[in-house]
Amino acid sequence: MRTVVSILVVSAVALGSSASIAAAASPQQTVTGTLINRPANTLAPGSTVSASKIFGNRVFTDAKHGFALVQSGQAQYPAATVDGGTTWKTNGPALHLNAAQAPLAVVDIGAAGQKTIFAWGTGQVIDTTSDGGQHWYRATFFGLPVAVVKNPQGHLVAFVDGETGGNASPVQYVSKNGGKTWHLDNTIGGS
């Protein structure tokens, strides 16, 4: 994506269009997630998966309830446990299909309670659910999400790097609806 932005900026300079340069360098004001539907030939939500398929971190909201990402076949899924990690089940549709969806890759998972779960990392997306896994939404950013946290008000805050065509400083987005929409927010910690 950085290459595309660079090409747009170089093209705009060649054409003498400062409006195009500003558009290419401005971060997205609002990012709206889209519902993730279950891809064909993937595991159904609620499918039992082996703990050996878990990659990355595991996040627990209490001693029994936890979340992780699992690799099964050529896809990665959110998974949940209700027995402290003894058994795991898919907790939504495949979030990423290998080779076909590189910009959609997720490698980190977090939780802001038992209902609000989010995944991000290495791709340009943050995938979220605010209903415990019944519906997952994908928000696609122009940069790379490097961290997602819950602020004291209970909102999700995302830090996205590379948003302004190579700017080293991450920009901050806040979602007040569990990740369905994200708004650019310059206040410390998001409002």
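Laid out as a table, the results:
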read-out: Whichever residue in region 57-105 is β-branched (Val, Ile, Thr) and over 16 Å from Thr116 (Cα atoms) and, among such residues, is surrounded by the fewest Cβ atoms within 10 Å (Cβ to Cβ); value: Thr86
read-out: Residues that are β-branched (Val, Ile, Thr) and surrounded by fewer than 20 Cβ atoms within 10 Å (Cβ to Cβ), drawn from region 111-143; value: Thr122, Thr140
read-out: Residue in region 152-191 that is modelled with the highest pLDDT, counting only those that are of a type in the set (A, V, I, L, M, F, W, C) and closer than 12 Å to Gln28 by Cα; value: Trp182
read-out: Residue in region 48-56 that is out of contact with any His (no Cβ under 6 Å at 6 or more places or on another chain), within 27 Å of Val174 (Cβ to Cβ) and not in a loop (DSSP other than H, G, I, E, B) present; value: yes
read-out: Residue in region 88-101 that is touching a residue at least 60 places away in the same chain (Cβ under 8 Å), in contact with a Gly (Cβ under 8 Å, 6 or more places away or on another chain) and outside any loop (DSSP other than H, G, I, E, B) present; value: no
read-out: Some residue of region 70-80 being out of contact with any Leu (no Cβ under 9 Å at 6 or more places or on another chain), in contact (Cβ under 8 Å) with a residue 24 or more places away in the chain and assigned to a strand (DSSP E or B); value: yes
read-out: Output for region 108-159, where each listed residue is of a type in the set (Val, Ile, Thr) and either part of a loop (DSSP other than H, G, I, E, B) or under 11 Å from the mean Cα position of the chain (by Cα) (or both); value: Ile109, Thr116, Ile117, Thr122, Val125, Ile126, Thr128, Thr129, Thr140, Val146, Val148
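The values are calculated or read from the model by the stated rules, or taken from the named source; none is laboratory data. Because the structure is a prediction, the values reported are computed rather than measured. When we count neighbours, we look across all protein chains shown, and the Cβ atoms used for this are built from the backbone with ideal geometry, even at glycine.
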